[in-house]
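Scroll down for the structure; my scribbles are underneath it.
The values are calculated or read from the model by the stated rules, or taken from the named source; none is laboratory data. Nothing here was measured: the structure is a model prediction, and the numbers come from that model. A quick note on method: Cβ atoms are made from the backbone with ideal geometry, for glycine too, and the neighbour counts reach across all protein chains shown.
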Amino acid sequence: MASPAKTSDDIELVEELKSKYDRLLEEIGKVIIGQKKIINELLVALLSRGHCLIIGVPGLAKTLLISTLAQALDLKFSRIQFTPDLMPADITGTEVLEDDLSTGKKIPRFVKGPVFANIVLADEINRTPPKTQAALLQAMQEHEVTVGGITYKLDEPFFVLATQNPIEQEGTYPLPEAQLDRFMFSLWIDYPSEDEEIEIVKHTTSVYQSLPEPVMGAEEILQFQELVRRVPVASNVVNFAVKLVRMTRPNFNHAPKFIRDYISWGAGPRASQFLILAAKTRCLLDGRPTPEIEDVKQVAIPVLRHRLVTNFHAEAEGVDSVSIVKMLLEKF
């Protein structure tokens, strides 16, 4: 277990992180109108060493948001447009043969693919076949790729954001539940409010184009990721997170009736881990030294939304996973 964040150095780091987080919101706000909740959740996932699945209709500036985040964090950004003909080597990289001028022989050289970046945007990940999806998901889990029997470490920090279009489902390859489980958060980007949309139109149709200033770099992010691991968590908060996840399983003795009625499979232990990590990060971004149960509740929907497999009863009655999580939270 990591040592608690009680030293004076850690206290200073908490204050520094809060200050930089406020600056980050200002810098990203120069380009992105609104979406503060999504920005907060993206930063929570990054500092927790997690990855995000982002779902939203086209035209909501998902790519712009992520590239702006990369600029404000001074990180290398890469975008992969997933298509049905995309191959694993198009993501990880491939070996090419080159002439060795000293010997005259052909020698292999590895050409790195777009996955070798700090922030990788996997655009419309469900448009590509499972074999290609798996190439990215292995990199997400192991933070490395293997080509030609040689393993290459990815740059740290490594953060993957995969997008899906909720409208067009024809010709897609939905991610299996086991692969969805690798994503810490499932985030839904909704339409902006009327006032925000007016600001967006004014901002994007004028000559003036603003750019975010870098607020922190890779080394600082790695330092803050370590800080998250050192944050102490009270037993009652851990117990709450575990109980909440266990109650999503229909075979659990104390599961509510609506869980047994609507759920085929509940969330696994990874959900409990992500709830606590997200709660830790959330409290740090708020300038607090340790998380509370309310922090766990606030991250419950993005952590659990994609981990609950609903059955035909739920579909017939129009009950989705978000509604089920909300019903669960009302019981506490």
*Tell me which residues, restricted to segment 97-113, are assigned to a strand (DSSP E or B) and either out of contact with any Pro (no Cβ under 7 Å at 6 or more places or on another chain) or of a type in the set (Lys, Arg) (or both).*
98, 99, 106, 107, 108, 109, 110, 111, 112
_Residue in segment 135-150 that is out of contact with any strand residue (DSSP E or B) (no Cβ under 9 Å at 6 or more places or on another chain), surrounded by fewer than 20 Cβ atoms within 10 Å (Cβ to Cβ) and in contact (Cβ under 8 Å) with a residue 60 or more places away in the chain present_ = no
*From 90, 22, which residue is in a helix (DSSP H, G or I), among the charged types (D, E, K, R) and within 30 Å of residue 233 (Cα to Cα)?*
22
_I need the full set of residues from segment 296-319 which are surrounded by 15 or more Cβ atoms within 10 Å (Cβ to Cβ) and free of Cβ contacts under 8 Å to residues at least 40 places away in the same chain, in order please._
297, 298, 301
*Restricting the first residue to segment 26-43 and requiring it to be in the same structural domain as residue 187 (by TED's automatic domain parsing) and part of a helix (DSSP H, G or I), which pairs with a second residue that is surrounded by 20 or more Cβ atoms within 10 Å (Cβ to Cβ) and among the small types (Gly, Ala, Ser) meet a Cβ separation below 7 Å and a spacing of at least six or different chains?*
27/72; 28/72
_Complete set of residues in segment 106-135 that are within 14 Å of the chain's Cα centre (by Cα) and hydrophobic (A, V, I, L, M, F, W, C)_ = 119, 120, 121, 122, 125
_If the requirement is being at pLDDT 95 or above and either under 21 Å from the mean Cα position of the chain (by Cα) or in a helix (DSSP H, G or I) (or both), which of these qualifies: 223, 273?_
273
*asked:* With the condition being assigned by TED's automatic domain parsing to the domain that holds residue 93 and more than 18 Å from residue 82 (Cβ to Cβ), I'd like the strands (runs of 3 or more DSSP E) fully within segment 114-168 carrying at least 1 qualifying residues.
replied: 144-147, 150-153
_Tell me whether segment 163-170 contains one or more residues that are surrounded by fewer than 14 Cβ atoms within 10 Å (Cβ to Cβ) and at pLDDT 90 or above._
no
*Given the structure, is residue 41 at pLDDT 90 or above, acidic (Asp, Glu), surrounded by 20 or more Cβ atoms within 10 Å (Cβ to Cβ) and more than 30 Å from residue 234 (Cβ to Cβ)?*
no
_Just the residues that are in a helix (DSSP H, G or I) and either surrounded by 16 or more Cβ atoms within 10 Å (Cβ to Cβ) or among the aromatic types (Phe, Trp, Tyr) (or both), please, taken from segment 226-240._
227, 228, 230, 237, 238, 240
*Which condition number does residue 243 fail, the rest of (1) closer than 23 Å to residue 156 by Cβ; (2) part of a helix (DSSP H, G or I); (3) more than 18 Å from the chain's Cα centre (by Cα); (4) not acidic (Asp, Glu) being met?*
(1)
*Pull up segment 185-220, narrow it to residues that are acidic (Asp, Glu) and assigned to a loop (DSSP other than H, G, I, E, B), then point me to the one that is farthest from residue 300 (Cα to Cα).*
213
